[in-house]
Amino acid sequence: MFDVHSTMMAVVTMGCGGYDKLTYQRVPTPTPRTGEVLIRVLAAGINNTDINTRLGWYASSIDGATNTSLAVKSLEDEAIPGGWAGATPFPLIQGTDCCGKVVVVGSVCDSHLLGARVLVRSCMRTNGFRSLESVWMASDFDGAFAQYVTVPASEVFPVACNWTDAELATIPCAYGTAENMLIRAGCSSGQHVLITGASGGVGSATIQLAKRRGAYVTAITSESKAESVRAIGADQIVTRENDIQAQLNEASVDLVVDNVGGSDFPKLLKILSRGGKYATSGAIAGPIVSLDMRDLYLKDITLLGSTAWDEPVFRNLMSYIEADEIRPLLAQTFPLHNIELAQVTFSQKKHVGNFVLLPTSER
């Protein structure tokens, strides 16, 4: 039996606002209920979602890029609906990505999970996969920026590979989001796929997953990151410093996967081919865009939004990992108590891949 302390260290987000809202403190260790398991967190990835939720960026009153949201002082009121589905339930332990070890089970039928190293499917379709309603770890209930976390046993996936804990923690949110968009868009061999924000977590994951399907990948990134992005698998690089339309022919792309949005959105529709598809799960450069309806209907373009993960997504990722078909992109690790430094460094966007917090040695 694993010795579980009655208390644990965690980063608790107290409300919308700046880094002062992140408090590293001792809290009660959660107890798994029937159908749940207690996981000792071995590594927890950092995502844009964690930062955007703290900033309250999902509120409809915000229309700027994700890095400008701190200027909105009104969102420091925790009642403001700045989360994905309304007001975030602060105080909240964030952390959407979790690699951990199952140490306690709430039901005897889940005892086969004891001791397993697992990844957590952070997007949970609690009403079944015919409904798009979803519950997200670290947005709707406490997440992995802690020494322990409780999750439904159905959302825990044992993994057998030689990756480190930190490498595994780069996978769930970024790769789940990327895989979901590619599944919905029907990405297949021979297609030309354009990926914006290619050096970020979702962008770099999308490159690998599209290449795995046999697509030709053009990646948009900065000149300073071009070689690193090419090393991931991109066939062609379009530099962000130059005009996109000047570097790509009109109607030359089958699928655009865009988590950037902002002022370049109209150009992305211009370069889509007739019958092309545009998929998105974010808008770091700004959520309000200009749309020429003629591009949409005269070119028979399909727009695809993506938040709730479809059923095949996570099982696909587990199979890719165990078959060594993808590789983790671990940029840097930090101790859990250094979360402010980690998020500051993350927000500077000088890295390629993912940042991970390590809480396991802290008492």
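The values are calculated or read from the model by the stated rules, or taken from the named source; none is laboratory data. Here the structure is a predicted model, which means the values were calculated and not measured. Cβ coordinates were reconstructed from backbone atoms using ideal geometry, including for glycine residues, and neighbour counts include every protein chain displayed.
All told, Val229 falls short of being under 18 Å from Ser189 (Cα atoms), touching a residue at least 24 places away in the same chain (Cβ under 8 Å) and either hydroxyl-bearing (Ser, Thr, Tyr) or surrounded by 17 or more Cβ atoms within 10 Å (Cβ to Cβ) (or both).
With the structure loaded, tell me whether Leu336 is at pLDDT 95 or above, touching a Phe, Trp or Tyr at 6+ places or on another chain (Cβ under 6 Å) and under 30 Å from Val149 (Cβ atoms) or whether it fails that test. Against the criterion (at pLDDT 95 or above, touching a Phe, Trp or Tyr at 6+ places or on another chain (Cβ under 6 Å) and under 30 Å from Val149 (Cβ atoms)), Leu336 does not qualify. What's the number of the condition Ala285 fails, among (1) of a type in the set (A, V, I, L, M, F, W, C); (2) modelled with pLDDT of 95 or more; (3) in contact with a Gly (Cβ under 6 Å, 6 or more places away or on another chain)? Only one criterion in (1) of a type in the set (A, V, I, L, M, F, W, C); (2) modelled with pLDDT of 95 or more; (3) in contact with a Gly (Cβ under 6 Å, 6 or more places away or on another chain) is unmet by Ala285, namely (2). Gln332 satisfies every condition listed in (1) part of a strand (DSSP E or B); (2) surrounded by 15 or more Cβ atoms within 10 Å (Cβ to Cβ); (3) without any contact (Cβ under 8 Å) to a residue 60 or more places away in the chain except (2).
Of everything in segment 279-299 that is more than 20 Å from Gly201 (Cβ to Cβ) and touching a residue at least 24 places away in the same chain (Cβ under 8 Å), the residue that is surrounded by the fewest Cβ atoms within 10 Å (Cβ to Cβ) is Ser290. I'd like to know if segment 193-200 contains one or more residues that are outside the structural domain of Val352 (by TED's automatic domain parsing), closer than 20 Å to Glu250 by Cβ and surrounded by fewer than 24 Cβ atoms within 10 Å (Cβ to Cβ). The answer is no, given that none of the residues of segment 193-200 is outside the structural domain of Val352 (by TED's automatic domain parsing), closer than 20 Å to Glu250 by Cβ and surrounded by fewer than 24 Cβ atoms within 10 Å (Cβ to Cβ). Residue count for segment 264-303 under the criterion of being part of a helix (DSSP H, G or I) and touching a Leu at 6+ places or on another chain (Cβ under 6 Å): the result is 2.
Checking every residue in segment 193-202 against the condition of being touching a Phe, Trp or Tyr at 6+ places or on another chain (Cβ under 6 Å) and of a type in the set (Val, Ile, Thr) gives zero matches. The condition (being crowded, with 21+ Cβ neighbours inside 10 Å and either at pLDDT below 95 or in a strand (DSSP E or B) (or both)) is satisfied by just one residue among Thr23, Thr53: Thr53.
Inspect all residues belonging to segment 240-253 and state whether any of them is modelled with pLDDT of 95 or more and either among the charged types (D, E, K, R) or outside the structural domain of Lys349 (by TED's automatic domain parsing) (or both). Within segment 240-253, one or more residues are modelled with pLDDT of 95 or more and either among the charged types (D, E, K, R) or outside the structural domain of Lys349 (by TED's automatic domain parsing) (or both). The strands (runs of 3 or more DSSP E) located wholly in segment 95-211 that include 2 or more residues which are within 18 Å of the chain's Cα centre (by Cα) and under 18 Å from Pro312 (Cβ atoms) occupy 117-120, 156-158. Just one of the listed residues (Val151, Val193, Val135) is of a type in the set (A, V, I, L, M) and free of Cβ contacts under 8 Å to residues at least 24 places away in the same chain, and it is Val135. If you go through segment 212-236 and keep only what is assigned to a loop (DSSP other than H, G, I, E, B) and farther than 25 Å from Thr307 by Cβ, you end up with Gly214, Ser222, Gly233, Ala234, Asp235.
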